[in-house]
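Comments concern the structure below.
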């Protein structure tokens with residue numbers, strides 16, 4: 001099983017390096033039409049007139065669609081979103097109509113010829129405005145919307161998550177010290193370099209969609225929902241994906257392109273401009289987090305109370321489900337049995353927010369870890385000592401009462417200590433230099449998945465799965481490594497097909513670090529089935545006992561008798577002639593988790609699966625004249641269960657940490673009265689090579705009981721602790737709390753002089 | 001009379017005559033007229049650098065570079081770095097070995113910027129590599145392995 005733990009290169013690297021890989025932006029079909037979307041330029045209005053008759057006369061225009069062509073709504077949780085605005089505009093950037101034309105210029109001309117009459121409505125641009133008494137309802141008909149499953153909600157509050165366990169009131173009554181804090185975090189845009197793009201055609205009653213997505217089966221279901229057809233009437237195929245980070249989870253362009261393609265009877269390609277990416281891009285939500293902690297003088301946590309406000313924007317999307325994770329992370333890291341928590345997801349007249357790597361944990365952990373430092377300071381305790389005393393240990397319960405096993409906080413703290421001894425780091429404090437630490441527990445998404453493997457007549461193996469490569473290497477490295485290890489073939493002799501929902505088994509998508517964890521485990525099962533069949537056939541051919549056989553170098557060998565062997569090619573051919581082609585399949589779902597039922601409402605996420613543990617340390621220098629923060633040193637210790645490909649995981653840590661640095665220091669998708677201010681890379685600054693500090697990485701391997709080889713999610717989490725570690729370091733450097741991110745030079749100067 | 005100046009330019013060593021308006025972005029001409037889709041477009045605002053190509057020894061962002069400016073000049077794209085059936089360039093090979101590619105959509109632009117850097121400055125310092133990359137955005141890798149691959153390429157050429 002040599003392939004496990006080896007840093008083999010990506011299977012797709014060479015095509016990407018030569019420029020021959022075909023991405024969504026490169027994919028074309030014969031005689032395809034150029035699609036374009038008419039988007040709202042105001043955040044709130046009534047549509048009183050929508051006339052496409054002049055646009056239809058533009059030469060080359062073959063189809064125009066409006067809400068009349070696609071009645072009804074769809075949504076992952078709350079069925080609240082029309083595909084094209086249906087009489088009301090609820091956010092700037094909302095699609096109103098779409099056209100398909102022979103050329104891009106004709107499509108653009110047609111958009112300009114659409115006549116739109118609007119009556120402005122008061123803009124409910126912020127959560128405060130949305131929650132104010134007598135606020136205008138963004139969805140006046142919210143009560144009539146179906147919600148699956150039905151969570152508590154009311155008016156502009158799209159969903160409410162509540163958790164209560166133990167006796168928090170008694171905890172606060174008995175407290176020696178109560179520490180309170182309020183924390184703010186901005187919108188954060190995924191900004192994959194390839195925008196969202198798709199090409200759709202309608203053929204023999206099926207919508208065939210080639211799209212740059214992370215979740216082909218989710219796009220299939222969403223498109224089918226809008227189009228009013230069965231999921232199997234939609235076929236989603238995924239070319240090479242130019243980055244996702246959560247931004248390509250939800251169906252957006254695909255149903256619109258499908259509708260146009262059917263109406264025009266030609267393939268239609270839709271590509272977002274960068275501005276459209278920013279306006280409609282489902283960024284990470286801005287949020288406010290309030291935490292109160294009751295403590296004894298000795299630093300024991302007696303009770304924990306917290307409240308979170310998440311900005312949903314105009315439509316629910318996946319956010320009602322994401323909100324359910326909030327108590328697990330906000331009431332987390334530190335042992336206590338008395339907890340009260342509420343999260344509200346709030347509708348506003350702003351672009352819908354959505355999943356971005358680490359979802360709410362980036363700000364939840366920022367708040368929790370800033371709060372931990374404030375607690376230590378209040379108690380006069382060392383910050384690491386407070387953490388070592390209170391962080392979850394083996395057998396402790398998380399917020400929902402789930403008993404945690406395989407807890408690895410201690411190991412990650414120890415590995416950071418080895419690389420950057422705390423006493424040395426904090427011993428001789430220099431002016432405006434500071435050190436910060438942040439710890440996090442994180443979940444591996446456990447949506448199910450499946451794989452099919454066939455043994456080819458030349459002794460190679462082909463893997464078919466609905467799981468999707470978005471750049472992490474889960475499909476380009478980890479899954480072929482698993483097949484290679486199980487079948488004793490070279491990684492180069494494992495071929496992976498592109499995701500196609502009409503061919504591959506269901507997969508929950510490239511999200512939440514789940515591909516190696518779930519699709520990888522399914523793939524190991526599939527390979528195990530093929531392996532059993534190989535052994536059956538080879539035992540007959542070699543006249544040997546199955547137990548004496550091993551698979552290695554593309555052959556089956558009798559252990560201890562090196563000249564008694566048969567190639568996998570021969571095994572495959574014999575099997576094919578006698579029993580038919582050799583195939584194995586593997587399906588995997590996570591077993592249910594146990595928690596204290598009844599303590600939580602409004603959530604379908606009741607505990608951790610494949611929990612991982614993380615400690616990050618940052619050393620920073622602050623320029624007191626400019627407020628500029630420079631990261632001098634960055635240390636990561638991350639529990640990955642089992643590292644299938646250490647180099648690939650390091651790459652995920654590098655990238656996740658730099659995204660976290662952008663989030664901590666400058667990324668902020670600003671809105672003013674619901675209008676997006678940052679709609680290009682000119683003002684929404686992404687981190688560049690100059691922003692990347694030296695990073696030291698320690699991989700911790702505490703195996704998971706469910707994942708193949710003990711593997712857990714590795715790619716998503718490294719973004720999560722970064723803002724907390726950096727903010728704690730900045731607070732240490734300037735001797736003042738910094739409880740709002742991003743820590744721009746202006747914000748830091750203001751904190752210094754506060 | 002229309003401008004009769006011949007719209008010829010050399011792309012990856014081949015002289016071509018074009019029949020497109022001179023204000024068309026070079027990236028659109030490369031991708032849509034010539035099928036050279038190795039040059040990626042990420043923003044069409046000249047800021048992400050995915051479309052970086054080399055024109056007469058200078059890097060340009062092809063999404064906002066009018067093709068007319070390249071008339072009479074030599075344009076090099078990612079497809080020029082290795083023969084289709086030949087080995088990868090040393091820089092490409094180091095990208096592969098060091099794990100400098102993830103989603104890969106910024107990779108062609110990165111390769112053109114860094115190929116140009118190594119031609120001008122065969123032994124760059126780490127800071128010079130970071131400076132050269134200031135116009136190339138990567139959202140996946142954190143740049144570290146890209147920098148490592150570049151320094152390893154320079155080291156091997158020493």
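Side notes on the structure shown:
- The residue A:423 and residue A:604 beta-carbon pair, evaluated with R₀ = 41 Å, returns a calculated FRET efficiency of approximately 0.40.
- Paramagnetic reach from residue A:587 in segment A:487-519 [backbone N under 13 Å; point 7 Å along Cα→Cβ]: A:505-507
- Measuring nothing but alpha carbons in segment A:447-588 and taking Rh as the Kirkwood radius, the Rg to Rh ratio lands at 1.01.
- Once the Cα-Cα distance is subtracted from the 0.36 nm per residue extended length, the residue A:578 to residue A:490 segment shows a gain of 29.1 nm.
- Equivalent-ellipsoid semi-axes of segment A:225-265, from the Cα gyration tensor, Å, largest first: 21, 12, 11
- Paramagnetic label zone (point 7 Å from Cα along Cα-to-C-beta, residue A:265; backbone N under 18 Å) in segment A:27-45: A:30-34
- Modelled spin-label separation between residue B:83 and residue A:69, with each label point placed 7 Å from Cα along the Cα-to-Cβ direction: 5.0 nm.
- Solution diffusion estimate, µm²/s, Stokes-Einstein, segment A:10-167, Kirkwood Rh from C-alpha pairs, 37 °C, viscosity 0.692 mPa s: 173
- Along its three principal directions, the equivalent ellipsoid of segment B:83-142 from the Cα gyration tensor extends over semi-axes of 18, 16, 10 Å, largest first.
- When both segment B:112-147 and segment A:343-375 are represented by their alpha-carbon centers, they are found 34 Å apart.
- As a ratio to 2.2 N^0.38 Å, the alpha-carbon radius of gyration computed for chain B takes the value 1.05.
- With Cα atoms, 0 to 90° folded angle of helix B:144-157 axis to chain B main axis: 90
- Binned Cα-Cα distance frequencies in the protein assembly as shown - 10 Å width, integer %: 2, 12, 21, 25, 21, 13, 5, 1, 0, 0
- As a ratio to 2.2 N^0.38 Å, the alpha-carbon radius of gyration for segment A:494-549 is 1.55.
- Taking each residue as 0.36 nm, the span from residue A:545 to residue A:29 lengthens on full extension beyond its C-alpha to C-alpha distance by 180.4 nm.
- Computed FRET value (nearest 0.05) for residue A:532 with residue A:405, which takes r as the C-beta separation and R₀ as 25 Å: 0.25
- Extending 7 Å from Cα along the Cβ direction at residue A:503 and again at residue B:131 yields two label points whose distance is 4.9 nm.
- Annotation for segment A:1-43 versus segment A:623-679: alpha-carbon center distance of 24 Å.
- Hydrodynamic radius by Kirkwood, which averages 1/r over all alpha carbon pairs of segment A:52-109, in angstrom: 12.7
- Cα-based equivalent ellipsoid of segment A:567-645: semi-axis lengths in Å, sorted from largest, via gyration tensor: 50, 28, 11
- In units of the rule-of-thumb radius 2.2 N^0.38 Å, segment A:246-331 shows an alpha carbon radius of gyration of 1.74.
- Residues in segment A:368-411 reached by a label modelled at residue A:178 [backbone nitrogen below 16 Å; 7 Å Cα→Cβ]: A:375
- Residue A:683-residue A:563 FRET efficiency (beta carbon distance; Förster radius 45 Å; 0.05 resolution): 0.05
- Only DSSP H runs of four or more residues enter the estimate; each adds -39500 (n - 2.57), and after division by the residues of chain A the mean residue ellipticity at 222 nm equals -8000 deg cm²/dmol.
- For segment A:90-133 and segment A:482-524, distance of Cα centres in Å: 41
- Two-site label geometry, residue A:335 and residue A:53: point separation in nm, points 7 Å out along Cα→Cβ: 7.6
Readers should treat all values here as calculations from the given coordinates under stated rules, not as data from a laboratory. Values in this document were obtained by computation on a predicted structure and should not be read as measured data. Backbone-built Cβ (ideal geometry, glycine too); neighbour counts: all protein chains shown.
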